[in-house]
Structures are given as structure tokens and as C-alpha cells.
Amino acid sequence: MKVYGIDVSHHQGRIDWPTVAAALRKVNGGTNPGFAILRVGYSSKSGKGGLVTDGEILNNLKGCTENGVPFGIYYYCYDQSPEAAVTTTQQVIQMIRGYKPEYPIFYDVEYEPYNTGEDDSGRSKAQVRQDNTDMICAALNTLEDAGYYAVVYCSRAFFTEYTNLDQLEAFDKWEAAYTATDTDTVKNGIWQYSSKNPLGIPGFGDSLDCDVAYKDYPAITKKAGLNGWG
């Protein structure tokens, strides 16, 4: 199956959710409402953990809830240890408690100096890969222990160059790769395939991340009783 959606943060400003909801349903054939993945915030740039909330998260949660848009939650990583990742994740859990996302909670790890070894720490490439992997596992295990569907987001190149994929097999993946077709390099559940709004959602011009999900996440989440659906 394929379900199309978007991911947003405060960078998109105040979103007209009734219009977006109608557009998402239209691009999904008129019957499926699609989805949105909302940034709840990012971890402290100190690297020691702790959530800094996104300025639009409450508006976006309200907009999705009132307009029938299934949503997931993501948070951006500046953490620099598994302990920091746990601290940030615990605060994410507190922030979203009371909401019932139909899509997973995503830990977003990208090309910060710590994550690439360009932080003057002297760590080897192998150690950097293992440190990232340990941190991702710490965050996702914390989410799972709290009853959430936990997924990691990275670019295709980051997955292959800066993590140990064999140690992440137990987790779904949201993969970013702006290529003509998806590949089997990383087995993903969601593919972020463009940042140029190919779905043509009104209000964003040619700048909007678009995604396709290959699983029926709402059905899986509800059947398993995750994300507050128990």
C-alpha cells in the first residue's frame, strides 16, 4: 500500500489545516486522509538532553485533531549520549501525553558535528557509528517502554555511513532520499522522497517535505494498543 503525507514544523508557519486536510485526502484518492508528521521540538543544543518545544506544535496538534488528519510526532536530535537521548525522549513523552497519534514517534538524527565525528573528539569512524546507533536505540527503547510505536529518521546516506544498520533491524525506519525511485539499501516503512511539494498541497509553494508510507500505520498502532490506543 501507499499513503501520502507531509511533515511540518514551525518553519511552515501557521498552517491552514482545513485546506491541508482536504488536499491530503484528494491526493490519497478521496477516501484515505493521508497523514502529517509534526515536529514536537528538538533536543537541547548542549548535547545533554532535554526538549525545546516547537513553537507551532500545539496549533498543529489541534489542527490535525479537529480536521481528521492522522498524525505522527518527530523530534530532532542534538543529543550526544544515550543518557541525553533518554532524557529528551522522556520529555517528549510528557509533552505528547494525552494525544493519540495514529502514526509513530520518530527520532530524527542528522548531520550534526557529534553525529559525523566532526566535533574534535578524535573518535574513529567506527566509534561514531556505534555511538549514533547506541543513542538511537536508547531513544527508541524508551519510547517503546512507554507504549509508543518508535521509529528512527535518517537520510539514506546517514543510515549507511553513520549507523550500524544491522543493530537497528528491530525498528522501522523513516528514510529521506530525494531520488527518482526508492531502493532496498535501507528497508523503510516511510520514504521522504522530496522537499519540493510534489503533492501540490496549497499554501506551501514549492517548499514542503512529502512522504509515502508503505504500511497501514493507523491500523497497526490501534491493533497493538500503542500511542494511547490501548
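The values are calculated or read from the model by the stated rules, or taken from the named source; none is laboratory data. From a predicted model like this one, the values you see are computed outputs, not experimental measurements. All Cβ positions, glycine included, derive from the backbone under ideal geometry; neighbour counts span all protein chains shown. For accessibility, only protein heavy atoms count, side chains too; no ligands or nucleic acids. Shrake-Rupley method; radii C 1.70, N 1.55, O 1.52, S 1.80 Å.
Of the residues making up the range 166-185, those that are over 18 Å from M1 (Cα atoms), open to solvent by less than 70 Å² (accessible area, probe 1.4 Å) and outside any strand (DSSP E or B) are L168, F171, A177, T179. The criterion of being touching a residue at least 12 places away in the same chain (Cβ under 8 Å) and either in contact with a Cys (Cβ under 7 Å, 6 or more places away or on another chain) or under 19 Å from K173 (Cα atoms) (or both) holds for A138. When each of N141, N132 is tested for being open to solvent by less than 10 Å² (accessible area, probe 1.4 Å) and on the phi < 0 side of the Ramachandran plot, the lone residue that passes is N132. Here G41 passes the criteria (1) buried (at least 20 other Cβ atoms within 10 Å of the Cβ); (2) touching a residue at least 40 places away in the same chain (Cβ under 8 Å); (3) over 29 Å from D16 (Cα atoms) except the one numbered (3). Within the option set I15, I57, being under 18 Å from the mean Cα position of the chain (by Cα) and open to solvent by less than 30 Å² (accessible area, probe 1.4 Å) holds for one residue only, I57.
One residue stands out in the range 70-90 among those that are over 16 Å from the mean Cα position of the chain (by Cα) and not in a helix (DSSP H, G or I): the one that is surrounded by the most Cβ atoms within 10 Å (Cβ to Cβ), namely Q80. Among the residues of the range 39-69, those that are aliphatic (A, V, I, L, M) and either part of a helix (DSSP H, G or I) or over 19 Å from Q90 (Cβ atoms) (or both) comprise I57, L58, L61, V69.
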